[in-house]
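Q: Below you'll find the structure I mean.
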Amino acid sequence: MLAGQALRPVRVLISELGPIIDTGQIKARVPVRQTGDEFEELTIRFNQALEKIESLIEGMRASLDNVAHDLRTPMTRLRGVAEMALQSEPNIESSREALSDCLEESSQVLQLLNMLMDISEVEAGSVKLDLQQVDILGLMNQVHELYRYVAEDKNIAVRIDIEEGICVLGDRNRLLQVMANLLDNALKYNRDGGTVDLAAARNGNQVVIQVTDTGIGIAPEDLANIWDRLYRGDKSRSQRGLGLGLSLVRAVVRAHKGTIEVFSEQSGGTRFVISLENAERHTS
Ligand code: ADP
């Protein structure tokens, strides 16, 4: 009888959770009774788990909405071009032009889908990282070389302040992708005549890498969203882009068990700070 009484709160919890699980009403919560014991703690934990599930589902819904929205524009254009070509008088020149437009639109859709799949695979951990010692100065020099003409075109000075010999444990191609995306943004959202600073320094077991620009900055209300798939800040819409670069950057950094943070002031430039495992201690 005593055992039965002691388990009463558990039975109440089970009966309250039942309808929530059965109906999928993820917004519902179990009422918390302030008993000050483990059952109260358990109920609070259940509610926290429900909250987490709710925010994950909301996030997935928002991503799906964004994907649908971003696919609709090129697909509508593709259809329009094909329809017009079919309705007009047969003409080899205009047909070729229509086909080339269709090719361009479908390439854009494919690029978007490939990148979305790549991000999902990296996040799910199904992409195998080819871990090795990566020399950060070498990596930054390579990425700088890739963007040399873009920077010159915008009259932006890219400065590298990195000691020789600083290494992290990582997948070189993936880290190149991370740095390329960050430098691409730092140039794209910069002003004519601005600067970009690429820096790295050892910090115990970590290497801290910083990409700092003198660009347009990120509005406070955008800061939390820039990592979301397909999210683009209002001020950035005049620039080319899919809104996927930073989602990939964060997924790759996390796959390396690293962290990434952003600091930005509107019109005052932006700084991305990445922390990765220092690979030098593996060699010593
Ligand atoms: P994209 O650049 O294709 O829009 P990203 O995922 O790379 O997509 O970036 C998401 C958004 O974050 C951008 O649209 C922009 O608003 C903001 N952003 C990213 N990097 C910077 C930067 N260095 N300076 C200002 N805004 C930035």
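The values are calculated or read from the model by the stated rules, or taken from the named source; none is laboratory data. All values reported here derive from a predicted model rather than from experimental measurement. Here the Cβ is made from the backbone with ideal geometry for all residues, glycine too, and neighbour counts use every protein chain on show.
Q: If you check A6, A68, A82, which single one turns out to be more than 32 Å from the chain's Cα centre (by Cα), loosely packed, with under 12 Cβ neighbours inside 10 Å and not assigned by TED's automatic domain parsing to the domain that holds L244? Before the answer, list the steps.
A: Numbers: A68 fails: more than 32 Å from the chain's Cα centre (by Cα); A82 fails: loosely packed, with under 12 Cβ neighbours inside 10 Å.
A6 is the lone residue from the list that is more than 32 Å from the chain's Cα centre (by Cα), loosely packed, with under 12 Cβ neighbours inside 10 Å and not assigned by TED's automatic domain parsing to the domain that holds L244.
Q: Give the residue that is farthest from V253 (Cα to Cα), with candidates limited to residues of region 177-191 that are within 7 Å of the ligand (Cβ to nearest atom) and not hydroxyl-bearing (S, T, Y). Quick ask: steps written out before the conclusion?
A: First pass over region 177-191, keeping only residues within 7 Å of the ligand (Cβ to nearest atom): 181, 185-186, 188-189.
Filter again for not hydroxyl-bearing (S, T, Y), leaving 181, 185-186, 188.
Working: N181: 12, N185: 17, A186: 18, K188: 22 Å.
That would be K188.
Q: Okay, next question. In this structure, does N173 turn out to be within 16 Å of the ligand (Cβ to nearest atom), in contact (Cβ under 8 Å) with a residue 24 or more places away in the chain, polar (S, T, N, Q) and on the phi < 0 side of the Ramachandran plot? Don't jump to the end; show me each part of the working.
A: Details: within 16 Å of the ligand (Cβ to nearest atom): no; in contact (Cβ under 8 Å) with a residue 24 or more places away in the chain: yes; polar (S, T, N, Q): yes; on the phi < 0 side of the Ramachandran plot: yes.
Against the criterion (within 16 Å of the ligand (Cβ to nearest atom), in contact (Cβ under 8 Å) with a residue 24 or more places away in the chain, polar (S, T, N, Q) and on the phi < 0 side of the Ramachandran plot), N173 does not qualify.
Q: Continuing with the same structure: Quickly run through region 17-39 and pick out the residues that are within 37 Å of the chain's Cα centre (by Cα) and acidic (D, E). Steps first, answer last, please.
A: Start the filter on region 17-39 by keeping residues that are within 37 Å of the chain's Cα centre (by Cα), which leaves 17-32.
Once the filter is applied, which keeps residues that are within 37 Å of the chain's Cα centre (by Cα) and acidic (D, E), region 17-39 yields only D22.
Q: Here's a follow-up. Looking at region 200-225, which of the residues that are at pLDDT 95 or above and among the hydrophobic types (A, V, I, L, M, F, W, C) is surrounded by the fewest Cβ atoms within 10 Å (Cβ to Cβ)?
A: Looking at residues that are at pLDDT 95 or above and among the hydrophobic types (A, V, I, L, M, F, W, C), I get A201.
Q: Could you please tell me which pairs satisfy a Cβ distance under 7 Å, a separation of 6+ or placement on different chains, a first residue in region 130-143 that is assigned by TED's automatic domain parsing to the domain that holds H256, and a second residue that is part of a helix (DSSP H, G or I) and small (G, A, S)?
A: V143/A180
Q: Can I ask one more? Only one residue in V273, V253 is hydrophobic (A, V, I, L, M, F, W, C) and surrounded by fewer than 18 Cβ atoms within 10 Å (Cβ to Cβ). Which one?
A: V273
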